[in-house]
Amino acid sequence: MKILVCISKTPDTTTKIAFKDGNTQLDENGVQWIINPYDEWYSLVRAIELKEKDPSTIIHLVTVGGADCDPIIRKALALGGDEAFRINAESTDSYFIAAQIADLANKNGYDLIFTGKEAIDYNSAAIGGMVAELVGAPYLSLATLFELNGQTATITREIEGGEEVAIVALPVVMSCQKGMAEQRIPNMRGIMAARTKPLQVIEPAAVDTLTSIVGFELPPAKAGCKMVAADNVAELVRLLHEEAKAF
Amino acid sequence: MSVLVYIDQSDNHVKKSAYEVLTYGAKLAAQMGTTAAGIILGKVNDNLAELGKYGVTTIHQVSNERLNQLDTQVAAKIIADAAQATGATVLVFSQNHSGKAIAARVAARLKAGLVAGAAGLPDTSNGFVVKKTVFSGKAFANISINSPIKVIALNPNSISAVAGEGSATVAELNIAVDAPKVTITAVNKITGEIPLTEADIVVSGGRGLKGPENWGVLLDLAKVLGAGTACSRPVGDAHWRPHHEHVGQTGVQVAPNLYIALGISGAIQHLAGVNRSKIMVVINKDPEAPFFKAADYGIVGDLFEIVPQMTAEIKKIKGIA
Ligand SMILES: Cc1cc2nc3c(=O)[nH]c(=O)nc-3n(C[C@H](O)[C@H](O)[C@H](O)COP(=O)(O)OP(=O)(O)OC[C@H]3O[C@@H](n4cnc5c(N)ncnc54)[C@H](O)[C@@H]3O)c2cc1C
C-alpha cells in the first residue's frame, strides 16, 4: 500500500490577518506557520494509523512551496511518514499546485492520496478534486471515516444534512475532516528520526498558471455592537424584527 | 460564449443553493451580454421549466437515474462535455459539499481557472476578477481568472435568489454516462433538522450553557425561529452536541442572515467560521467577551434568564401561542 499525503503550510489559526505592499501580499510579520490542521490532524494521522496496522505501507508526503516549507514538512515527517517531496515552486493557483502533485503521483503510482478538507488560508477545497481528475481516480471529499479491506475502501463522507457511505476500489483520492482521526503530538523519537528521513526537493513540471491574485481586502469594519439592557429583552427582539429585519 | 450553471439536487429535489447559483449565473450572463443555461444530472420530481424564473433560458438534463447518486468523476465528465457542446465559457457551481468537489474536477478537466468560494459577481470591466473569501472569512482576495474557460464556485448564502417571471426550455442532453466507480451503500440524513449551511438563521451555543442537559432553552429559541443549531468547538469535542454542529475555522463555515451566539466567548477561530453572517447577536454574561466586538446586537447577562424571554417575545410577534 502506497499513500501520498498532501501537506500545506498555513498561518496559525490565531493569526490576525494584515496585508502589505498596497494590499497585494500577506504581511508575514509575526505570523506563526503551521501544517494546515486538516492535513495534520486528519489525513496524515489516518495514513499513519494504516501504516501501524500494516507496516509494509509506504507513506510519502508532498508539499508545493519554497524552502520556507521545510520546517513544516519536517514536522510532518516527525509525526510519521517515510519520505517527503517538496516541489520547489511558489503558487497560489489551485490548478498549478494540483498539476504538480498529480505529476508526482502519476510517476510514483499511489493507491491512496489524502488531502485535508481544505487549507485554512485559501479555503478553496479544490486540490483533492483536481488531483483526482488529473490522475483519473475517484474522489471522496469531506470524509469522516475510512476503512480499508484489501484493494477496496469504505468511506463515510459528509453530505448536506447527513452522511453517506461509499465503497470504492483503489486508487482513490480522499479529503479528510473531523472524525477521521485524532490529533497527535510528535514525540522525541519521531523528531530525531525525521532529521534523517529523505526530503527530496524537485523542480516543478511545466504547468500553466490559470489564476492570479490582484489584491486582498479586509472586511468592512462593523458599525459597533448595539447593546441592549438585560432587563429589556423585548427591545432586543423588536430591534431584530423591525430594524435588522432578521426574522 | 455563454454561462452554464450546475443545478444540485438531493432526494429528487433541486436544492436551495441552486436557486442562488441560477440567479448568479443569469446576472453574470446579463453582465457579459450573453445567456445562461442550467445543467442537472439525474431525475427530479420538480418542474424544471419553472427554474426559468431565475433568469436562465435553458435547462439541460441528463435524466439517467444512475446520476442521482453522486460520483464526482462521472458528473465532471458530463458537465465538461456539456460545456463544450453548448459553447459555455463560464461555469458556475455552489461551493457546497458536492459542488466544490465537482467544480474542482471540471476545472482541472477543462484546464479552466477556478475561483472556489466566490463572494460576489466578477468585475468584468477589465479582465475577469472574482472576489473570494480567504483566511476562513478573515479577508477577501480578488482573483483574476486568466484562462479562456472559467469556473466559479459561489459561497452559499452570499447572494439572494431572485425569482421573476419566465420559464426555461428543458432539453435532454445526449451525453454518454460512464459507469460509476463509487457505490453508495447507505445515506443517513439527519431528519427534522435544518442543514446548517442552508439555514437562514442559526442559533449557536458555547460552553456557557454548562452541559448538554441545558440545551432545551437553545432548542426552544431555534424552534420558534425555524433556525438551524450550531455549537462551538469545545462543545462538539465534549460530545454535548454532535460534531456536525461545530462551527468555526476547523468546523462548518456558515453565513446565515442571523447568527445568535449564546454563551460563546468569540475566540478568533470561532469567529472565522461565522463572521460572514449578516447580523450577529451575542448573549454573554461577560461584558469583556471578545464576541461583542464582532457582533451587531448584544446583551450582557445570564443566557438562562434571557433566552426564554427572547423565545417568548418572538412567539408574541409571530403570533404563536
Ligand atoms: C487550532 C485551533 C482551532 C480551533 N477551531 C475552533 C473552531 O473551529 N470553532 C470554535 O468554536 N473554536 C475553535 N477553537 C477553540 C477556540 O479557541 C475557543 O477555545 C472556543 O471557541 C471557545 O468556546 P466557547 O466560546 O464555547 O467557550 P469559552 O471560551 O469557555 O466561553 C464560554 C463563554 O460563555 C460565557 N458564559 C458562561 N456562562 C454564561 C451564562 N450563564 N450566560 C451567558 N454567558 C455565559 C462566558 O462568559 C464565556 O464567554 C480552536 C482552537 C484552536 C487552537
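Each pair of Cα atoms in segment A:179-247 enters the Kirkwood radius, and Stokes-Einstein at 25 °C and 0.890 mPa s then converts it into a translational diffusion coefficient of 122 µm²/s. For segment B:108-124, heavy-atom accessible area (probe 1.4 Å) falls by no less than 40 Å² from the chain alone to the full protein assembly at B:Ala108, B:Lys111, B:Leu114.
Share of antiparallel DSSP beta bridges in segment A:2-219, in percent to the nearest 5? Around 45 percent antiparallel, to the nearest 5.
Note on B:70-81: average number of Cβ atoms from other chains within 10 Å of each residue's Cβ is 3.
Restricted to Cα atoms, chain A shows a radius of gyration and a Dmax of 21.1, 68 angstrom.
Let me test this: with uniform point scatterers at the alpha carbons of chain B, what is the Debye-based log₁₀ I(q)/I(0) at q = 0.08, 0.09, 0.10, 0.14 1/Å? Cα-only, vacuum Debye calculation for chain B: -0.41, -0.52, -0.63, -1.08.
One quarter of the surface of the convex hull around the alpha-carbon atoms of segment B:211-295 equals 5.2 nm², the direction-averaged projected area. With helices as the sole contributors, chain B gives -8500 deg cm²/dmol at 222 nm; each DSSP H run of n ≥ 4 counts as -39500 (n - 2.57), and the sum is divided by every residue. Near A:Lys226, the amide H atoms lying under 5 Å from its own belong to B:Tyr297, B:Gly298; only residues 5 or more places off or on other chains count, and H is placed 1.01 Å from N. Beta-bridge orientation, chain B: approximately 15 percent antiparallel, per DSSP, counting only bridges with both partners inside.
Computed about its Cα centre, the charge dipole of the protein assembly as shown is approximately 240 debye, with only Lys, Arg, Asp and Glu carrying charge at their Cβ. Think of a 1.4 Å ball rolled over the protein heavy atoms: segment B:2-172 then has 32 Å² of accessible area per residue.
Each residue of segment B:83-95 is assigned a 3J(HN,Hα), and the resulting list reads 4, 5, 5, 9, x, 6, 10, 10, 10, 10, 10, 8, 7 Hz, derived from the Karplus form 6.51 cos²θ - 1.76 cosθ + 1.60 (θ = phi - 60°), x at Gly and Pro.
For segment A:2-219, the solvent-accessible area with a 1.4 angstrom probe is 39 square angstrom per residue. Under Stokes-Einstein, with the Kirkwood radius over Cα pairs as Rh, the value for segment B:77-230 at 4 °C and 1.567 mPa s is 68 µm²/s. Along the axis of the charge dipole computed for segment A:95-247 (Cβ charges of +1 for Lys and Arg, -1 for Asp and Glu, origin at the Cα centre), the listed residues A:Ala181, A:Met192, A:Thr154 are led at the positive end by A:Met192. Helices in chain A, meaning DSSP H runs of at least 4 residues, each add -39500 (n - 2.57). Divided by all residues, the mean residue ellipticity at 222 nm is -7000 deg cm²/dmol.
Farthest toward the positive end of the dipole of chain B, out of B:Gln84, B:Tyr6, B:Val307, is the Cα of B:Gln84, where the dipole comes from beta carbon charges about the Cα centre. A 1.4 Å probe run over the protein chains yields, for segment B:196-318, 36 Å² of accessible area per residue, whole-number rounding.
Taking only alpha carbon atoms, the protein assembly as shown gives an Rg to Rh ratio of 0.96, where Rh is the Kirkwood radius.
Over all other residues within a Cβ to Cβ distance under 11 Å of B:Asp81, the charged ones net out to +1, with Lys and Arg as +1 and Asp and Glu as -1. Determine the total buried accessible area between chain A and chain B, counting protein heavy atoms only with a 1.4 Å probe; round to the nearest 100 Å². That pair hides around 7000 Å² of surface in total. Put simply, segment B:1-143 fits an ellipsoid with semi-axes of 23, 17, 15 Å; these come from the alpha carbon gyration tensor as the roots of five times its eigenvalues, largest first.
Counting only DSSP beta bridges whose two residues both lie in the protein assembly as shown, roughly 35 percent are antiparallel.
The longest part of chain A holding none of the exposed loop GluC sites (Glu not before Pro), meaning those outside H, G, I, E and B in DSSP with at most 14 other Cβ atoms within 10 Å, is A:91-181. Residues of segment A:189-211 that bury at least 20 Å² of accessible area when the other protein chains are present, relative to the chain alone (probe 1.4 Å, heavy atoms, ligands and nucleic acids excluded): A:Asp208, A:Leu210, A:Thr211.
The portion of the accessible surface of the protein assembly as shown made up by carbon and sulfur, rounded to a whole percent, is 51 (1.4 Å probe; DNA, RNA and ligands excluded).
Between the C-alpha center of segment B:174-203 and that of segment B:137-162 there is a gap of 22 Å.
The values are calculated or read from the model by the stated rules, or taken from the named source; none is laboratory data. Owing to the predicted nature of the structure, the values given are computational and were not obtained by experimental measurement. Don't worry about glycine lacking a Cβ; one is built from the backbone with ideal geometry, like all the others, and counts go over all protein chains shown. In case anyone asks, the SASA skips ligands and DNA or RNA and just uses the protein heavy atoms, side chains included. Shrake-Rupley method; radii C 1.70, N 1.55, O 1.52, S 1.80 Å.
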